[in-house]
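**Q** After the structure tokens below, expect a handful of questions from me.
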Amino acid sequence: MNSHPSETFHAAPFIREIGRGKKGARDMTREDAALVYSAMLDGRMSDLELGGFLIGMRIKGESVSEIAGFLDAAEAAFEPLQAPDGEFAPVVIPSYNGSRQMPNLTPLLALLLAREGVPVLIHGVTNDPGRVTTAEILQAMNSASVTDAAGVYAAFAQRQPAFMPIAALAPKLHRLLEVRRVLGLRNSTHTLVKIMQPFAQPALRLVSYTHPEYLSMLTAYFSTQAPAERGDVLLMRGTEGETVAHARRAQAVTWFHQHQASELIERQEPVDDMPPMPAASDAATTAAWISEALAGRQPVPAPIAEQVQQCLMIARKLK
């Protein structure tokens with residue numbers, strides 16, 4: 001990393017390499033990727049260079065070495081949380097998509113885990129136009145977001161999931177996410193926030209992907225480059241981008257432990273009949289239905305119940 005964080009970073013040599021098009025571009029080394037992304041996080045790159053670099057990466061696509069270096073820098077850019085004592089390692093649930101059509105049942109997954117004594121951290125965005133976010137549903141259930149580590153630990157002590165906005169957890173990453181509002185395109189940060197591990201101790205990360213190329217890249221990363229001491233990962237195709245199991249069918253789920261991948265669940269075909277679900281996907285309706293499910297008055301969809309059991313098993317093994 002640059003030992004002089006106030007110095008201006010000149011990104012042109014790196015933009016030149018990644019900006020030659022999808023076939024002509026060259027991948028950065030892990031070390032160079034960490035150097036560049038650290039400069040982006042610290043605001044040491046001009047706006048023009050930042051935009052050029054992000055668009056170049058969007059066209060080229062991240063290599064395994066690049067995503068590894070970016071994540072090294074990203075996780076060094078904020079203070080890690082401390083895992084509490086107890087039977088389970090923390091479960092980390094990123095929530096950056098919300099839902100457009102189906103009810104967002106990420107809060108149900110988190111609440112089912114938390115009441116078993118699992119420290120559950122949800123991090124993500126609080127709102128997204130046109131989508132129903134996890135934060136909005138939790139707010140409708142009178143569960144407020146937390147803004148600091150003390151709030152996270154207090155939620156854990158009460159066997160409640162802690163939702164921490166990315167703006168509070170990692171402000172520098174949040175700033176780069178917001179560049180989307182200017183450029184109109186997602187950037188590498190949208191992938192990083194979904195795979196980062198915010199705890200100093202081992203944790204179980206739930207990670208989802210939406211495009212097949214990310215399945216290949218993330219599989220390679222978690223199999224070869226991810227620091228094994230950071231804990232385990234469950235990788236699945238997202239439900240509208242969220243890491244909660246689809247209510248109508250089980251997605252394929254891959255468990256990464258010490259760089260070894262094993263298939264926990266094979267992909268299933270959709271069932272003919274939709275299981276009981278909220279009547280609408282708005283936050284208030286979804287929150288009310290989740291409360292009914294937690295009280296046993298609505299059945300928890302079988303794929304989500306199975307996901308809970310997977311998480312309990314692995315979080316216990318990691319402790």
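**Q** Going residue by residue through the range 189-207, is there one that turns out to be surrounded by fewer than 16 Cβ atoms within 10 Å (Cβ to Cβ), at pLDDT below 95 and at negative phi?
**A** So far as the range 189-207 goes, no, none of its residues is surrounded by fewer than 16 Cβ atoms within 10 Å (Cβ to Cβ), at pLDDT below 95 and at negative phi.
**Q** Do any residues in the range 111-129 that are of a type in the set (D, E, K, R) have Cβ atoms under 7 Å from those of residues that are not in a helix (DSSP H, G or I), where the two are at least six apart or on different chains, and which pairs are they?
**A** Pairs found: Arg115/Arg159; Asp128/Gly98.
**Q** How many of the residues in the range 167-221 are among the β-branched types (Val, Ile, Thr) and part of a helix (DSSP H, G or I)?
**A** First pass over the range 167-221, keeping only residues among the β-branched types (Val, Ile, Thr): 179, 182, 189, 191, 193, 195, 207, 210, 219.
Restricting the remaining residues to those that are part of a helix (DSSP H, G or I) gives 182, 189, 191, 193, 195, 219.
Number of matching residues: 6.
**Q** So, in the range 216-236, of the ones that are of a type in the set (D, E, K, R) and surrounded by 16 or more Cβ atoms within 10 Å (Cβ to Cβ), which residue ends up farthest from Trp255 (Cα to Cα)?
**A** Checking each candidate, the answer is Arg230.
**Q** Confirm whether Pro212 is under 14 Å from Tyr96 (Cβ atoms) and out of contact with any Phe, Trp or Tyr (no Cβ under 9 Å at 6 or more places or on another chain).
**A** no
**Q** Same structure again: Go through (1) over 17 Å from Gly238 (Cβ atoms); (2) part of a helix (DSSP H, G or I); (3) in contact with a Leu (Cβ under 9 Å, 6 or more places away or on another chain) and name the single condition Ala110 misses.
**A** Just one mismatch for Ala110, condition (1).
**Q** Exactly one condition in (1) under 17 Å from the mean Cα position of the chain (by Cα); (2) closer than 30 Å to His10 by Cα; (3) polar (S, T, N, Q) is not met by Ser95; state its number.
**A** With (1) under 17 Å from the mean Cα position of the chain (by Cα); (2) closer than 30 Å to His10 by Cα; (3) polar (S, T, N, Q) applied to Ser95, the lone miss is (2).
**Q** Wholly within the range 1-102, which helices (runs of 4 or more DSSP H) include no fewer than the required count, namely at least 2 residues that are among the small types (Gly, Ala, Ser)?
**A** Here the list reads 21-24, 30-41, 47-60, 64-75.
**Q** Restricting the search to the range 291-303, which residues are at pLDDT below 95 and either within 15 Å of Val92 (Cα to Cα) or part of a helix (DSSP H, G or I) (or both)?
**A** Ala302, Pro303
**Q** Any residue in the range 287-298 that is closer than 13 Å to Pro107 by Cα sitting within a Cβ distance under 9 Å of a residue that is in a loop (DSSP other than H, G, I, E, B) and of a type in the set (Val, Ile, Thr)? List the pairs, counting only those 6 or more apart or interchain.
**A** Ala293/Val300; Leu294/Val300
**Q** Quickly run through the range 202-238 and pick out the residues that are closer than 20 Å to Arg186 by Cα, touching a helix residue (DSSP H, G or I) at 6+ places or on another chain (Cβ under 9 Å) and of a type in the set (Ser, Thr, Tyr).
**A** Ser208, Tyr209, Tyr214
The values are calculated or read from the model by the stated rules, or taken from the named source; none is laboratory data. Everything numeric here is computed off the predicted structure, so don't read it as measured data. Every residue, glycine as well, gets a Cβ built from its backbone with ideal geometry; the counts of neighbours run over all protein chains shown.
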